1. Take the residues in region 186-231 that are of a type in the set (D, E, K, R) and in a loop (DSSP other than H, G, I, E, B); name whichever of them is farthest from residue 148 (Cα to Cα).
2. Scan (1) open to solvent by 10 Å² or more (accessible area, probe 1.4 Å); (2) touching a Leu at 6+ places or on another chain (Cβ under 8 Å); (3) modelled with pLDDT of 95 or more for the single condition residue 306 breaks and write down its number.
3. Restricting to region 283-311, and then to whatever is β-branched (Val, Ile, Thr) and under 24 Å from the mean Cα position of the chain (by Cα), can you tell me which residue is farthest from residue 243 (Cα to Cα)?
4. Search region 315-334 for residues being open to solvent by 40 Å² or more (accessible area, probe 1.4 Å) and outside any helix (DSSP H, G or I), and hand back the single one that is modelled with the lowest pLDDT.
5. Being hydrophobic (A, V, I, L, M, F, W, C) and open to solvent by 60 Å² or more (accessible area, probe 1.4 Å) is the filter here; which residues of region 122-156 pass it?
6. Do we find that residue 108 is closer than 30 Å to residue 209 by Cα and either within 18 Å of the chain's Cα centre (by Cα) or not hydrophobic (A, V, I, L, M, F, W, C) (or both) in this structure?
7. May I ask you to verify whether residue 135 is among the polar types (S, T, N, Q), in a strand (DSSP E or B) and either touching a helix residue (DSSP H, G or I) at 6+ places or on another chain (Cβ under 8 Å) or modelled with pLDDT under 95 (or both)?
8. Scanning region 54-73 for residues that are in contact with a strand residue (DSSP E or B) (Cβ under 6 Å, 6 or more places away or on another chain) and in a loop (DSSP other than H, G, I, E, B), which turns out least open to solvent (accessible area, probe 1.4 Å)?
Amino acid sequence: MGLTALQVHGDTIVAAALSDYCGATTAARFGDPQAEFAALRTSCGVYDLGFRAKMSLTGGDRIRWLNGMVTNNIRDLEVGRGAYAFLLNPQGRILGDLYAYNRGESITVDTDAAQAEKILATFDHYIIMDDVEVTNLSEQLTALGIAGPKSRQVLTAAGITLPETQPLEVVTPRCDCQCDCLQCTVVRGEDAQHESYEIWIAPQDVRKLWQALVDAGAVPVGSEALELNRVVSGIPRYGIDIRERDLPQETEQARALNFNKGCYVGQEIVERIRSRGAVHRKFAGFLAEGSLQLAAGTKIVSGEKEVGEITSAASLKGTDGDKTVALGYIRREVGAPGREVRIGAVKAVVVQLPVTDNVLREDRSLEQHSA
């Protein structure tokens, strides 16, 4: 896995450790991952998004063609807005996930670097007589992210002034940035409740932007804290929580699906599931007391019956006791929030996603109940 642009150009940025994350090598942590996670939730954290790959679609057929490839509505996507979608095979299984942004004269597709080669190959396979050209932008564009309730305050202090934005809206800010970057693009994060932004920028300018944001008050955050935040937020990661064997409705990601857009690859299966009834299992969250090591693949048991498996887990430290949040799949008939289950030898309860701070603070006293 290659180094992110921030690691290549950020010679003065010292991380406590590096790790491979989502297809690239980036900072795992700068200090305590729990403190970095807290910054994302209560103040402002800045993090490397160089593990995201971007590609551009141009040509007169780009909108029609991509609309026929993915599960969400690209045809009616306004200029400057984005959408989350799945890429399926003809059997309705998930080949990958991505964000698509209408940039006017082009569409920018954003996905994990680990998925880029597969998605590019799939695009190439389906472009036949279409006026569509796909360009990999990964060498031309990288990104930083900031998140937390003080994000806009930090951006302003760094000289990046934003208009009011909606989730997945793309804007060009007014920039009096101390890093003297030539040009950047800002994308509002999808979660309206937890403010976050992506800043797309040329690789050679990323170190200066990072320093400007840190100087403005952002806390450096590594991938370990990002993973904690992802799990608590209930966001599935392709290759970990979403696999090619999974069907779209099993993932509970309704934001990726549009049932009124017309035909696309795999649409017949998705529509058949919708019209004939729900799938038998669903993506869900689980909460257990204590700091636990729950491996992916650990079975979920209700009563004496195996009803699912864990795909991700994260342990959180708190003043009211440590908690472990897990993500995974469970049979729908036993997957209602509040249901007590056993994950391996551990007692847990099914929780609604995303997991709120109030839920994390609750004392569920699971040791008093049988799963």
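1. Step by step, filter region 186-231, then rank; the result is 190.
2. With respect to (1) open to solvent by 10 Å² or more (accessible area, probe 1.4 Å); (2) touching a Leu at 6+ places or on another chain (Cβ under 8 Å); (3) modelled with pLDDT of 95 or more, residue 306 is out only on (2).
3. Applying the filter and picking the extreme gives 298.
4. So, considering only residues that are open to solvent by 40 Å² or more (accessible area, probe 1.4 Å) and outside any helix (DSSP H, G or I), the one modelled with the lowest pLDDT is 319.
5. 128, 129
6. yes
7. No: the conditions fail for residue 135.
8. Per the stated criteria, the residue is 71.
The values are calculated or read from the model by the stated rules, or taken from the named source; none is laboratory data. Predicted, not measured: the structure shown is a model, and the values here were computed from it. Ideal geometry is used to build each Cβ from the backbone, glycine not excepted, and the neighbour counts take in all protein chains shown. The accessibility values were calculated without ligands, DNA or RNA, using every heavy atom of the protein model including side chains. Shrake-Rupley method; radii C 1.70, N 1.55, O 1.52, S 1.80 Å.
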